[in-house]
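What follows is calculated from the coordinates using simple rules that are stated; it is not laboratory data. Predicted, not measured: the structure shown is a model, and the values here were computed from it. In this analysis, Cβ positions are derived from the backbone assuming ideal geometry, glycine residues included, and neighbour counts consider all displayed protein chains.
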């Protein structure tokens with residue numbers, strides 16, 4: 001069984017993406033790793049070369065900044081990396097530049113790939129998610145945040161990235177997946193308030209025109225953390241690859257987590273109570289077809 005990791009990245013230094021930690025977190029179970037390196041104006045390339053692994057192959061790409069409808073640029077860059085994967089690869093392990101996998105899940109992930117390899121009905125593997133928010137100590141809980149997503153797919157030429165690299169499609173249909181007992185730790189929203197504001201502004205450049213950004217996301221030193229309906233304390237250990245970054249944190253999270261809780265509508269309060277009690281999220285959008 002051959003496994004290839006793949007990702008895309010641009011301006012990781014400017015945007016403070018933990019891309020090195022992301023790659024290193026899954027590199028032990030990959031036989032090769034493809035990085036689509038976009039035209040950057042910082043030292044991202046030096047970061048990538050600093051990983052210094054014979055498994056890594058870097059391909060140069062140019063981002064099409066005119067693709068502002070629905071974040072399509074991110075999917076196009078994902079596809080470039082996917083198409084560069086060796087033909088003899090069985091499974092392709094996708095990870096974005098702000099995602100990290102805890103090493104405790106690697107044996108489970110590899111075992112699941114081995115078990116599912118002969119079952120052609122399984123086209124991908126589905127991961128659970130923890131979205132850290134504002135701090136490494138808290139994660140966000142909201143119906144608006146996805147709980148699961150595809151991160152491993154078969155190496156089939158008919159597979160392509162979907163929308164803004166949200167997931168994948170096979171011949172424009174949802175992929176059939178098996179859910180596995182492993183999490184993706186998403187750190188994209190762990191930044192000081194002023195950097196979060198910059199992140200949102202930069203991110204929206206791939207969705208909206210400049211005038212829309214200046215009107216709806218003006219420059220600011222503060223950040224409204226209300227995008228999370230609720231913040232919960234994270235009490236477990238973080239992945240080894242990101243622990244030094246956590247130690248180097250040079251700012252303090254001064255937000256009272258209880259103040260983030262939003263006053264939900266009656267409908268959302270009812271749905272939340274059902275989810276808290278049963279674990280079932282009614283009317284949840286699922287970007288995949290789950291099979292047993």
Open item on the list: Helix-only estimate, please: 222 nm mean residue ellipticity of the chain, summing -39500 (n - 2.57) across DSSP H runs of length 4 or more and dividing by its residues, to the nearest 500.
Closed with: -7500 deg cm²/dmol
Task: For peptides 279-290, 14-25, 156-167, 233-244, sequence by mean Cβ density within 10 Å, most packed first - done: 14-25, 156-167, 233-244, 279-290
Task: Fraction of antiparallel bridges per DSSP, the chain only, in percent to nearest 5 - done: 45
Task: Computed E for residue 43/residue 266 - FRET, C-beta separation, R0 35 angstrom, nearest 0.05 - done: 0.10
Open item on the list: For region 145-292, give me the percentage of DSSP beta bridges that are antiparallel, rounded to the nearest 5 percent.
Closed with: 75
- [ ] Considering only 178, 55, 120, give the residue with the highest GNM mean-square fluctuation for the chain, with springs between Cα atoms whenever their separation is below 10 Å.
- [x] 120
TODO: Mind checking the full-extension length gain between residue 284 and residue 247? Use 0.36 nm per residue of separation minus the Cα-Cα distance, one decimal, nm.
DONE: 9.7 nm
TODO: At 0.36 nm per residue, minus the direct Cα-Cα distance, what do residue 211 and residue 179 gain on full extension? Give it in nm, one decimal, please.
DONE: 7.4 nm
Task: Normalised per residue, the volume of the convex hull around the Cα set of the chain (Å³) - done: 145
